[in-house]
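Report on one structure; see the data block that follows.
None of the figures in this text is laboratory data; all of them are computed from the coordinates on show. Predicted, not measured: the structure shown is a model, and the values here were computed from it. So basically every Cβ, Gly included, is an ideal-geometry build from the backbone, and we count neighbours across all protein chains shown.
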């Protein structure tokens, strides 16, 4: 117990010293605190915003050594954002100008296995962060990142706008809908500068293989290496999704911090639908070996959204943002990453 207390004291001391050293020098730019910085989007956001002149601070459960080593993060502090006292102390330490709340459980499929844990992390974690902001960082601009999954199924051929009522069909989507509502409440009731996103599907390098598209790419890379049979196991390929590259997404977040209105929700999307079967066939066409596709019932969600395409009119009109990277280029990037990651089989 004493060793743990000593370690926590050392971490807190180092964080205070670093926060003081960062100061408010305008040459250094804004101090941007990112929860969940070690995640997929967090990696891309830390690098892109650092390059734009912001001073990036990461918090979360897992230390992102690569971001610290390359200087994308100036500081890191372990923090469980579902712990209100710990989160408030962290905000008091760093006094950020901007907060991007990414931390959360991001898998709809896994949320069926642990619905209560998903809700605690995503909904109560958001409340914990915003309560800390209310007490320790009232002037900060806050971006609470949500998901399009909260809309639930939409009519085929439609583009869902932000005024459509939320109708989640998974514990994950429900938890993010609750977080969305919590963020709107803190903006309205407490006057905080909180902006909400409803981010549609995004892909790119660094995404975990338990998710659909990187999972398909990792399987194909393993086939090419001779590490598995040439059978691509898939779930429901009939769903239609609005897919954007993650670097376009972090550009959108940057513009929303600059130009977004407090309390308002913004779709972050391309506004075009692509059937998942088209994406799978695109990856198979890129494969260096013949690939057979086989449906694996264990990969089908208990509940799914057959069609979900967003209307980007609000974010276009208010920030000028548009998705510019193509789906073909995104698929090339994801597959090439997994080709580098999958090792050759051992000799003999």
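What translational D, rounded to a whole number of µm²/s, comes out for the stretch 52-128 from Stokes-Einstein when the hydrodynamic radius is the Kirkwood one over Cα pairs, at 10 °C and 1.306 mPa s? Walk me through the numbers on the way to the answer.
On the way: Rh = 13.7 Å.
Here the translational diffusion coefficient equals 116 µm²/s.
Over the stretch 87-127, one equal point on each Cα, no solvent: what is log10 I(q)/I(0) by the Debye formula at q = 0.14, 0.15 Å⁻¹?
These q points yield log10 I(q)/I(0) values of -0.41, -0.46.
What per residue convex hull volume, in Å³, comes out for the chain when only alpha-carbon positions are used? Before the final figure, lay out each step's value.
Working: hull volume 53.6 nm³, N = 348.
Enclosed volume per residue, from the Cα hull, is 154 Å³.
Dimensions of the stretch 40-168 along principal axes (Cα, Å, largest first)?
45, 32, 31
Sorted from largest down, what three extents in whole angstroms do the Cα atoms of the stretch 295-348 have along their principal axes?
60, 31, 14
How large is the Kirkwood hydrodynamic radius of the stretch 200-348, in angstrom, based on all distinct alpha carbon pairs? If you can, show how the numbers build up before the last one.
Details: mean 1/r = 0.0600 Å⁻¹.
Kirkwood hydrodynamic radius for the stretch 200-348: 16.7 Å.
I'd like the distance separating the alpha-carbon centroids of the stretch 40-70 and the stretch 222-247, in whole Å.
28
Which value in Å is the Kirkwood Rh of the stretch 159-198 over different Cα pairs?
Values: mean 1/r = 0.0902 Å⁻¹.
Hydrodynamic radius (Kirkwood, Cα pairs) of the stretch 159-198 is 11.1 Å.
For the stretch 202-290, with equal point scatterers placed on the C-alpha atoms only and solvent neglected, what are the log10 I(q)/I(0) values from the Debye formula at q = 0.12, 0.13, 0.26 1/Å, to two decimals?
-0.48, -0.55, -1.35
Order the peptides 127-139, 291-303, 30-42 from the highest to the lowest mean number of other Cβ atoms within 10 Å of their residues. Walk me through the numbers before you get to the answer.
Working: 127-139: 19.5, 291-303: 11.9, 30-42: 24.5.
Descending mean neighbour count gives 30-42, 127-139, 291-303.
Extension gain residue 277-residue 298, at 0.36 nm per residue separation less the Cα-Cα distance, in nm?
Values: separation 21, 0.36 × 21 = 7.56 nm, distance 1.75 nm.
Full extension of this stretch gives 5.8 nm more.
Please list the three semi-axes, largest first and in whole Å, of the ellipsoid equivalent to the stretch 250-327, using sqrt of 5 times the eigenvalues of its alpha carbon gyration tensor.
Numbers: eigenvalues 225, 56, 20 Å².
They are 34, 17, 10 Å, listed from largest to smallest.
From Cα coordinates alone, what are the radius of gyration and Dmax values for the stretch 99-169 in angstrom?
14.6, 45
How tilted is helix 171-190 with respect to the longest principal axis of the chain? Cα atoms for both, answer in degrees (0 to 90, nearest 10).
That helix lies at roughly 30 degrees to the long axis.
Averaging over all projection directions, find the projected area of the Cα convex hull of the stretch 168-234 and quote it in nm² with one decimal place. Present the calculation step by step, with values, prior to reporting the outcome.
Working: hull surface 25.6 nm².
Result: a mean projected hull area of 6.4 nm².
When only alpha-carbon atoms count, how far does the stretch 128-171 stretch along each of its three principal axes, as whole angstroms with the largest first?
So the three principal-axis extents are 45, 21, 13 Å.
I need two numbers for the stretch 114-253: Rg to one decimal and Dmax as a whole number, Cα atoms only, in Å.
18.1, 58
Largest first and in whole Å, what are the equivalent-ellipsoid semi-axes of the stretch 262-307 based on the Cα gyration tensor, each being the root of 5 times an eigenvalue? Working shown, then result.
Numbers: eigenvalues 182, 61, 14 Å².
The three semi-axes for the stretch 262-307 are 30, 17, 8 Å.
Where both residues lie in the chain, what percent of DSSP beta bridges are antiparallel, nearest 5? Don't skip to the end; give the middle numbers.
Working: 2 of 39 bridges.
Among the beta bridges of the chain, antiparallel pairing accounts for roughly 5 percent.
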